[in-house]
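I have placed the structure first, in the form of C-alpha cells, so that the comments after it can refer back to it.
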Amino acid sequence: MLGYLAVSFAFGMRVCALGVPWWLAGLISFTNLTSAGQFAGTNLFLAGAAFAEIALTVLIINSRYFLMSLSLTQKLGTGFGLFQRLSASYGVTDEIFAVAIGKGGKLSPRYMHGLILGPCIGWTAGAALGGVFSSLLPELVVSAMGVALYAMFIAIIIPPARENRPVLFTVLAAITLSVCFEYIPVFKILGGGWSIIIITVAVAALAATLFPVKEEETAGE
Amino acid sequence: MNNPLYITISVLIMIAVTYLVRAVPLVFFRKEIKNRWFKSFLYYVPYAVLAAMTFPAIFSATGNLSSGIAAAASAVILAFFRRSLLIVAAGAAVSALICELIIAAV
C-alpha cells in the first residue's frame, strides 16, 4: 500500500509540476491504474502530441498486461461471467497479477475485487495528494522531487539487471538508444512517444531473439 | 493545459487503450499463448520502456543538468545495493536538492 502511495505520489507531483491540476492527476490514476503507461500518456498530451501517438505509446507500454490477462484466464474459477471478467480487467497490474498468480487454487470474483480495491485507493489518493503537495511546497523542493518517479523506475530495473544478463542487456541497449535519439539531431524529428515505441519494440524484439526466456520466468516483471 | 477538449480526448484514449489491452484477453480468450518468442518479447518490454523513459529524461527533470546527474547517480547506486523504492526516490531527491542549494549559494 505504501509502495502504491509513494509511486503515485511521485507521479502526481511530477505531472502537476508540469501543469496538470491535482484532480486530473487523481482521475488519470484512478482510470488508468498503471505507472509507466499513464505517465507517458500524460507527458504526451502535455506536449500536444497526436492522438495516434498517444494511443500507440500507451498500447506498447501496456502490452504486457495483455499477456498477464491471458494467463489470468487460466486461473479464473467458476463465477466469472462477462460482468466479473469486465470488472477484473480493470485491475490487471504488475502487482495484482503477481499476487493473483501466486495464490494457490482458482480465483473467485470476490477475491479479485478485494485484491484490486487497496491498490485502486492508494493509487488514486497518492496522485491527487502529490498534486496538492506540489502546489504547497517551495519551488526548489518540487523541482528536486521531480526526479523521484524516475528514481523509482531505476529502483525497479536495476536489481533484476544485476542478476540477469539479458535484462542488463535490455536496460543498457534501451538507455543507449534513448540517449542517441535525444541528442542526435537526425532523430529529433520523431516525437518523444514514437522514439519510446521504436526503442521498446526494437530492444525487446532483439532481447527475445537473443535470449528467449524459459517458461517459469515469463510470469512477471 | 489550455485546450480542455484535446485533453479530455487524450485521457479518454489512454483509458480506452489501457482497458482494452486488459479486457480483450480476459473476455475473449480462453487459451494461453504458447509462442516462446512472443512471451519473451513481452517479458522484456517493461525493462526497455522504463529504461528508455528514465534516461536521459531524469537529467533534465529538475531543470538543471548537474542536479539531474547527481540524482541519477544516487538512484543507480542505491538501487544497485537493493534499497527500497522509497529510499531510492528519497535519496535521489535529496541529492538533487543539495546540489541545487549549492548552486544557488555559489
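The values are calculated or read from the model by the stated rules, or taken from the named source; none is laboratory data. As the structure is a prediction and not an experimental result, all values here were calculated from the model. Cβ coordinates were reconstructed from backbone atoms using ideal geometry, including for glycine residues, and neighbour counts include every protein chain displayed. Remember, those area values only see protein heavy atoms, side chains included, never the ligands or the DNA or RNA. Shrake-Rupley method; radii C 1.70, N 1.55, O 1.52, S 1.80 Å.
Details
- Within the full protein context, the accessible area of B:PHE81 is estimated at about 120 Å² for a probe radius of 1.4 Å.
- Per-residue 3J(HN,Hα) values for region B:86-95, derived from phi via the Karplus relation 6.51 cos²θ - 1.76 cosθ + 1.60 with θ = phi - 60°, read 5, 5, 4, 5, 5, x, 5, 5, 5, 4 Hz in sequence order (x marks Gly and Pro).
- Of the accessible area of region A:1-160, computed with a 1.4 Å probe over protein heavy atoms only, carbon and sulfur atoms account for 74 percent.
- For region B:24-90, the residue among B:ALA89, B:ALA61, B:ALA51 whose Cα projects farthest onto the positive side of the dipole built from Cβ charges is B:ALA51.
- Using every pair of separate Cα atoms, the Kirkwood estimate puts the hydrodynamic radius of region A:2-145 at 16.2 angstrom.
- Computed from the C-alpha gyration tensor, the three semi-axes of the ellipsoid equivalent to chain B are 37, 23, 11 Å, from longest to shortest.
- Among A:VAL186, A:ALA144, A:ALA88 the positive-end extreme of the charge dipole of region A:67-221 (Cβ point charges): A:ALA88
- In this Cβ point-charge picture (+1 for Lys and Arg, -1 for Asp and Glu), chain A has a dipole of about 400 debye about its Cα centre.
- Applying a DSSP loop filter and a limit of 16 other Cβ atoms within 10 Å to the trypsin sites (Lys or Arg not before Pro) in region A:79-115 leaves A:LYS103, A:LYS106.
- Pair A:ILE198, A:PHE211: separation of 7 Å Cα→Cβ label points (nm): 2.4 nm
- Neighbours of B:ILE69, meaning other residues whose beta-carbon lies under 15 angstrom from its beta-carbon, give a summed charge of -2 when Lys and Arg score +1 and Asp and Glu score -1.
- Residue list for region A:125-150, given a label point 7 angstrom along the Cα-to-Cβ vector of B:ILE98 and an amide N cut-off under 20 Å: A:140-150
- Note on region A:72-147: with charges restricted to the Cβ of Lys and Arg (+1) and Asp and Glu (-1), its dipole about the Cα centre is near 520 debye.
- Spatially close lysines, pair count over the protein assembly as shown: Cα under 15 Å, gap of eight or more or interchain: 6
- Largest to smallest accessible area among B:ILE15, A:ILE197 [probe 1.4 Å]: B:ILE15, A:ILE197
- In chain A, the DSSP-assigned H stretches of four residues or longer account for a calculated mean residue ellipticity at 222 nm of -24000 deg cm²/dmol, using -39500 (n - 2.57) per stretch and the full residue count as denominator.
- Charge-dipole axis of chain B as Lys and Arg at +1 and Asp and Glu at -1 on Cβ define it, positive-most pick from B:ILE103, B:TYR6, B:THR18: B:THR18
- Placing pseudo-labels 7 Å out from each Cα toward the beta carbon at B:VAL27 and A:LEU117 gives an inter-label distance of 2.5 nm.
- Gaussian network model of chain A, springs between alpha carbon atoms under 10 Å - residue of A:ASN62, A:ASN164, A:ASN32 with greatest fluctuation: A:ASN164
- Chains B and A, summed buried accessible surface - 1.4 Å probe, Å², nearest 100: 7800 Å²
- Note on chain B: with charges restricted to the Cβ of Lys and Arg (+1) and Asp and Glu (-1), its dipole about the Cα centre is near 720 debye.
- Separation of the B:ALA16 and A:VAL186 label points, Cα + 7 Å toward Cβ, nm: 3.7 nm
- Under 5 Å from the amide H of A:LEU107 lie the amide H atoms of A:LEU76, A:GLY77, each residue being 5 or more positions distant or on a separate chain, with H modelled from the backbone and absent for Pro and chain starts.
- Computed with the Debye formula from one identical point scatterer per Cα of region B:61-106, without solvent, the log10 of I(q)/I(0) at q = 0.21, 0.24 Å⁻¹ comes to -0.61, -0.74.
- Shape metrics for the protein assembly as shown, restricted to C-alpha atoms - Rg then Dmax, Å: 19.2, 67
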